[in-house]
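What follows is a short report on a single structure.
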Amino acid sequence: MSDTPADLVLTGGPVHTLSPARTRATSVAVRGERVVAVGHDEVRELIGPRTEVVDLRGKLLIPGFQDAHVHPVGGGVELGQCDLSGATTLEAYRERVRAYALRHPDIEWITGGGWAMEAFPGGLPTAHLLDELVPDRPVYLVNRDHHGAWVNSRALEYAGIDARTPDPADGRIERGPDGVPTGMLQEGAANLVGVLLPPLTRDELVTGLLRAQELLHSLGVTAWQDALLGSHANLTDPTPAYLATADDGRLTARVVGALWWDRARGTEQIEELLARRTAGTRGRLRCTTVKIMQDGVAENGTAALLSPYLDGCGCRTDNSGISFIPPKELQEYVTELDAHGFQVHFHALGDRAVREALDAVAAARRTNGRTDTRPHLAHLQVVHPDDVGRFRELGATANVQPLWAAHEPQMDELTIPFLGPERAASQYPFGSLLRAGATLAAGSDWPVSSPDPIQGIHVAVNRVLPDAPAGTPAFLPEQRLDLGTALAAYTAGSAYANHLDAETGTIAPGFLADLVVLDRDPFAGPAEEIGATRVAQTFVGGRRVYG
């Protein structure tokens, strides 16, 4: 340990290092961007006349959180649009849409989203509800999971959608008994209207990114993997915002960009992805991953299942969801991407999509050998028991979104009845994956759900939402994680998925000083109170970015 004074010393612990060599400490010293000492009273010897000293006063110091699956630019942009997130009733949505339209009389489209399916019968809102509020302009509002859009009649007219319009191969137009579209567009059908939206400008994207970065830093997030860089549906490619802020230093987080795989094309797009990887790796941005969306979501029946969904009466239907890429082609694409050194980030929610993604990883391993590309599968709502052990065998990381593993209306009313009891018991099997030796990383999928890692950790440990009514039962409690494991998934685990584990994700000498001070030590209290924890300060590379 050098005698040169530190620039920053955080002391008065506890410090949860996530390092196997020393799990707990009480003091950490930082010089420049990196940790130079971890220990106890001896670290205080590095305090000099110009050293900033942070007295933890019993607050817990941990490594910075890393979100392994998030959409910050879209989330930041939506915060400035017609934001319906956080509400769950039709009346609340009516008030917000009406108020937004009145505040913005000159904009051509009313856009935004974040509404919950539980607010509508069957999860299906209708156009006439919006027509009453905004009759003169098109309205396009994505739902909370961003796999569907609620539109008004003017938007349907603009897109030329009527009873004669066929469903696209990758989506569904919800219709009434007469075949007339009702105003809800699922998956790829949302693109029929989404392509008409005015594209966002670079300045709007930068504003959204900086707004999101400020929010994420306030929640202790110091690095993330953006799960969609590219143009898809109505989404404007956020890459220019990242490049601009990476170049001028405003990007303070460490970001891995997952380049969007266009499922309407094949391997001919890989040359373009290679060029984008080279152009998009600068500053704190590395575009080293490719995102493949293999299926949809369970609530609208588009998650790919091994056997059909049930109907409201518990009978089998003829719908097993959608595999957006045929399995054989998926294996070909993943093998070639892996050969070029790309990490593949799968959206795999249903048990068939999970199996198809794992089969693709296995094909790549057979052809290319065991490379360090670290493929990961996100969401994992339904995993067949036969596939749980394959994550360890194949070296595929389980990228989990813990906040979804709880009883709430979308789960209890729109998911479990249509999966059936056996399949519903295979949802979000975090404990089984851990016991089988899988590497766990964690993310939020914000703006689909809250970006707060502490809320996700609370659910991972309790399998109950922090604000759930008293007496709410735990959701498949045998799949709980202990607090240490859940915290590791949001730090060291996500650092591994992001290829940042050589210098982040733990607090150790030589590692980057990406640190978070919590307002308490959640290990010292009951598990039921984890969700009350808040972030007090956040540091990236020894620089305070929040608090």
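A few points about this structure:
- Residue within region 254-273 that is small (Gly, Ala, Ser) and closer than 20 Å to PRO238 by Cβ present: yes
- Residue check, LEU380 surrounded by 23 or more Cβ atoms within 10 Å (Cβ to Cβ), out of contact with any His (no Cβ under 9 Å at 6 or more places or on another chain) and closer than 27 Å to GLY341 by Cα: yes
- Pairing each residue of region 349-376 that is under 19 Å from THR288 (Cβ atoms) with any residue that is among the hydroxyl-bearing types (Ser, Thr, Tyr) and outside any helix (DSSP H, G or I), provided the two are 6+ apart or on different chains, yields C-beta distances under 7 Å for ARG374/THR397; HIS376/THR397.
- Criterion applied to LEU349, LEU337, LEU330, LEU306 was being within 26 Å of the chain's Cα centre (by Cα), at pLDDT 95 or above and more than 28 Å from GLN269 (Cβ to Cβ), and the one residue passing it is LEU306.
- Condition met for GLU157 (more than 21 Å from the chain's Cα centre (by Cα), under 23 Å from GLU132 (Cα atoms) and part of a helix (DSSP H, G or I)): yes
- VAL256 being in contact with a helix residue (DSSP H, G or I) (Cβ under 6 Å, 6 or more places away or on another chain) and either crowded, with 22+ Cβ neighbours inside 10 Å or not assigned by TED's automatic domain parsing to the domain that holds GLN331 (or both): no
- Summed over region 46-67, the residues that are under 16 Å from ASP3 (Cα atoms) and surrounded by 15 or more Cβ atoms within 10 Å (Cβ to Cβ) give a count of 3.
- Here LEU210 qualifies as out of contact with any Cys (no Cβ under 8 Å at 6 or more places or on another chain) and assigned to a helix (DSSP H, G or I).
- The single residue among VAL151, VAL70, VAL97 that is surrounded by 21 or more Cβ atoms within 10 Å (Cβ to Cβ) and touching a Ser or Thr at 6+ places or on another chain (Cβ under 8 Å) turns out to be VAL70.
- Test: PRO72 is over 18 Å from ALA492 (Cα atoms) and modelled with pLDDT of 95 or more: yes
- Criterion applied to VAL142, VAL134 was being within 31 Å of the chain's Cα centre (by Cα) and outside any helix (DSSP H, G or I), and the one residue passing it is VAL142.
- Selection from region 229-278 of residues that are of a type in the set (Gly, Ala, Ser) and touching a residue at least 12 places away in the same chain (Cβ under 8 Å): GLY230, SER231, ALA233, ALA241, ALA244, ALA246, GLY249, ALA253, GLY257, ALA258, GLY266
- Of all residues in region 519-543, those that are under 17 Å from LEU403 (Cβ atoms) and either outside any helix (DSSP H, G or I) or touching a strand residue (DSSP E or B) at 6+ places or on another chain (Cβ under 8 Å) (or both) total 3.
- Scanning region 326-335 for residues that are within 27 Å of VAL70 (Cβ to Cβ) and touching a residue at least 40 places away in the same chain (Cβ under 8 Å) turns up TYR333, VAL334.
- Test: residue in region 441-458 that is within 28 Å of TRP224 (Cβ to Cβ) and without any contact (Cβ under 8 Å) to a residue 60 or more places away in the chain: yes
- Applying the set (1) over 13 Å from the mean Cα position of the chain (by Cα); (2) surrounded by fewer than 24 Cβ atoms within 10 Å (Cβ to Cβ) to SER450 leaves exactly one unmet item: (1).
- Scanning region 490-547 for residues that are of a type in the set (D, E, K, R), crowded, with 16+ Cβ neighbours inside 10 Å and within 23 Å of the chain's Cα centre (by Cα) returns ASP501, GLU503, ASP514.
- Helices (runs of 4 or more DSSP H) contained entirely in region 368-481, each with at least 1 residues that are farther than 22 Å from ALA527 by Cβ: 385-388, 390-394, 409-414, 416-419, 421-424
- Among the residues of region 283-299, those that are under 17 Å from THR222 (Cα atoms) and either modelled with pLDDT under 95 or assigned to a loop (DSSP other than H, G, I, E, B) (or both) comprise GLY283, ARG284.
- Pair list, Cβ < 8 Å and 6+ apart or interchain, from region 204-228 residues that are within 21 Å of ALA441 (Cα to Cα) to residues that are aromatic (Phe, Trp, Tyr) and surrounded by fewer than 24 Cβ atoms within 10 Å (Cβ to Cβ): HIS217/TYR546; SER218/TYR546; GLY220/TYR546; LEU228/TRP260
- Counted as qualifying within region 54-131 are the helices (runs of 4 or more DSSP H) with 3 or more residues that are out of contact with any Cys (no Cβ under 8 Å at 6 or more places or on another chain) and of a type outside the set (A, V, I, L, M, F, W, C), namely 72-79, 90-103.
- Taken over region 270-297, the criterion of being surrounded by fewer than 23 Cβ atoms within 10 Å (Cβ to Cβ), out of contact with any helix residue (DSSP H, G or I) (no Cβ under 9 Å at 6 or more places or on another chain) and of a type outside the set (Asp, Glu) is satisfied by LEU274, ALA275, ARG277, THR278, THR281.
The values are calculated or read from the model by the stated rules, or taken from the named source; none is laboratory data. Just so it is clear, the structure is predicted and the values come from calculations on it, not from any experiment. We place every Cβ from the backbone using ideal geometry, glycine too, and count neighbours over all the protein chains shown.
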